[in-house]
Amino acid sequence: MADEGPGAPAPAGRPKEHEIAVPARPAATAVAVAAAGSAAAAFGALYLLTENPPGRAMATAVGVAGCAAITLGTGFIFYGSRPRPAGDVQTRWMGATVARFMAVPALGLSIYFFLPSGGQFAVLATLGTYLACLAAETATVAWMVNRSLERPRT
C-alpha cells in the first residue's frame, strides 16, 4: 500500500489518532528548575549537618547533576515540536521512564559504593532530585498534552 506512512489518512471506519507536540523547551526548563531547587535543598541540608566528612558535597553534586542529566537526556527521546500520534508519544515517554528507572539506581549505587564517605546522603539527594524532576516534567508534559488535545483536529 503506497498510502501508508506518517501523513497518510486513517483507514475508513477508524478515527484518526490525536497528534501531540511536546516541545523540548518547557519540559527541559521545568526539569532544570526542579534540579536546581533540589540542589539548593540538598546543599542547604548539607550545610546544616554537623558532621560533613570529606567527599560528601562532591558525591551530592555528582548525584544531583547526574540525575538531572539522565532526566534531560532521556526526555529528549519523546520531546519534539513536530506533532506525533498520541500513541507514539506515550510509547516514547514510557521508554524514557524505563531508561530512567534503570539509570538512576545505577547512578545511586555507583555513588554509594565508589565515592568516598557520605554516600547515603548523596543517594538520598539523587533520589529526591529524580522525584522532583519527574514531578515537574510530568506536570509540564500533561499541561502541554492537554493544550495539544484542546486544539481542533485538522
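In the set ILE20, ILE77, which member is at pLDDT below 90 and open to solvent by less than 20 Å² (accessible area, probe 1.4 Å)? The unique qualifying residue is ILE20.
Number of residues in region 19-73 that are part of a loop (DSSP other than H, G, I, E, B), at negative phi and in contact with a Leu (Cβ under 9 Å, 6 or more places away or on another chain) equals 1.
Yes/no matrix, rows are residues, columns are (1) at pLDDT 90 or above; (2) not hydrophobic (A, V, I, L, M, F, W, C):
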residue	(1), (2)
GLY119	no, yes
ALA125	yes, no
GLY128	yes, yes
ALA132	yes, no
SER148	no, yes
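The values are calculated or read from the model by the stated rules, or taken from the named source; none is laboratory data. None of the values given here were measured: they were computed from a predicted structure. With ideal geometry, Cβ positions are generated from the backbone for all residues, glycine too; neighbour counts draw on all protein chains shown. Only protein heavy atoms, including side chains, enter the accessible area calculation; ligands, DNA and RNA are left aside. Shrake-Rupley method; radii C 1.70, N 1.55, O 1.52, S 1.80 Å.
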